[in-house]
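Where a number appears in this text, it was derived from the coordinates with a stated rule and is not lab data. In this text the structure is predicted, and so the values were computed from the model without any measurement. FYI the Cβ positions are ideal-geometry reconstructions off the backbone, even for glycines, and counts take in every protein chain you see.
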Amino acid sequence: MSRILLLFCILFVVVPQVVADQPNSDQPNVLLISIDDLNDWVGCLGGHPQAQTPNIDRLATTGTLFENAHCQSPVCNPSRASMMTGRYPHTTGIYFLSPDLKQAPVLEGVKTMPEVFAANGYKTMATGKIFHGGDKRFFQEYQPSGGFGPRPEKKISQPHGHPLWDWGAYPEDENLMPDMKAAKWAVGQLQKKHDKPFFMGVGFYRPHVPMYAPQKWFDLHPREKIKLPLVQANDRNDLSQYAIDLTNLKHVSPTHQWVTDANQWEHAVQSYLASVSFADHCLGKVLDALESSDYAENTIVVLFSDHGFHLGEKQRWAKRSLWEDGTRVPVVISAPGFRSNQRTKQPAELLDVFPTLLELAGLPADAEQEGQSLVPLMKNPEQVWDHPAVTSFGVGNFAIRTARYRFIHYYDGSRELYDLSQDPHEWKNLASDPKFKDVIAKHSAMLPKKQHPVLPGDSTGHQAYAAAKANISK
């Protein structure tokens, strides 16, 4: 073979592969922003009349606000594992706070969201909480921001129980807060020149407990003027004991009885609102930096929270419920070339973010993913949409959320049905009303047919799930 022919053969084989590995300069950047434990107490969602979130609200005006978005599990670890892999908890067996997603046999060899973008020529980097832990494993560059600290030597408001469960004004200097450190890191990255499209994760910890923020954020929400969530004393009278046990047994949060008896309800609500406002302030610094950067016109921005949060509703606190307060989350997607200031009431899932980003970035779709791209709703928010939001908390416990209804089916066979158009607080369980027989049948048909067994672990979720099952036969 001549040298010329040999050189031609090498070029023919090698050059296409080299070209394929080069990033496309037209590919959009991705800015993925998480706010931990944020429910619908956001100005644009109207979950609390005193919520002050000007930066979340202005981000919503730049893209599409998914008003009816829900997590796949009302707990940090399974929710984030599901979103970042594109698989439901009932597919992977990760239902609770443990195990880590790397310990799920079903996920062996499955690339997470940042890993897929890295494989397609993106520079991936993150700070704070995007995964439930071990973020450094999934990003090419990762900057810790400080977790849930700092914390005072003694708890401020709730002296007993889990060390993270506390609330109040602390510390004085906002620069000590992990979320401010994360915001500053992100600002610095947006001011740099990047030679590849980037995938950047920014994970804010507040309003997750401890609900601490500097005093000036508490001053925005004076304690003596705090409006408490609407709660009915007999709200749980039409629920099964199993439903109550599942959401209350083995929980690390204080009981609603303790919060009210200790005269801490107003203070805790104030602290949550203050923490939300502080996280929103940190978000604003990142949005300001993006808007003044070279990447303003070519960056997809996604804002999400991993699950909802109760602050007394249904006489309980924190997450780990299949009700609206436990599953509903803010989701905003802003992308180049799409209309701004849109809202849709169609159900959406955190699971949908992965396939949506693949489509928006022009990357190959993954047929193994179980979510739906939300791009059709970004093009037409009134689009006919037959995809419910499905949330689980252990085998046999599912919530199905459609545009109007929430249907819950529990392991013991008990059920709940709420018409959210008439009963936004989910006070009236319609499951025993014969007028809703067809509605229940329709939603029952949406329940998953296959469920992976619960993977081993000793989290409080595992314990509550086991204890609630054990009480069925008593």
- Gyration tensor on Cα atoms of segment 42-130, a ≥ b ≥ c root eigenvalues, a/c under 1.5 rounded, else prolate if a/b beats b/c, else oblate, says oblate
- What is the order of K474, K129, fewest Cβ neighbours within 10 Å to most? K474, K129
- Okay, helix-only estimate at 222 nm for the chain: each DSSP H run of n ≥ 4 adds -39500 (n - 2.57), divide by all residues, round to 500 deg cm²/dmol; what do you get? -9000 deg cm²/dmol
- Note on the structure: Phi-derived 3J(HN,Hα) across segment 226-239 with the Karplus relation (6.51, -1.76, 1.60, θ = phi - 60°), rounded Hz, x for Gly and Pro, is 5, 9, 7, x, 6, 9, 9, 4, 9, 4, 9, 5, 9, 10
- Task: Have a look at the DSSP beta bridges in the chain and tell me what percent are antiparallel, nearest 5.
- Result: 45
- Low-density loop positions, trypsin sites (Lys or Arg not before Pro), segment 189-290 - DSSP coil, at most 14 other Cβ in 10 Å: K192, K193, K227
- Which residues make up the longest stretch of the chain clear of GluC sites (Glu not before Pro) that lie in a DSSP loop with no more than 12 other Cβ atoms within 10 Å, not counting the sites? 173-296
- Note on the structure: Classified through the alpha carbon gyration tensor (a ≥ b ≥ c as square roots of its eigenvalues; rounded if a/c is under 1.5, else prolate when a/b is larger than b/c, else oblate), segment 280-378 comes out oblate
- Structure-derived P(r) over Cα pairs in 20 Å bins from 0, in percent: which label, when the choices are (1) 24, 57, 16, 3, 0; (2) 23, 55, 21, 1; (3) 23, 50, 25, 2: (1)
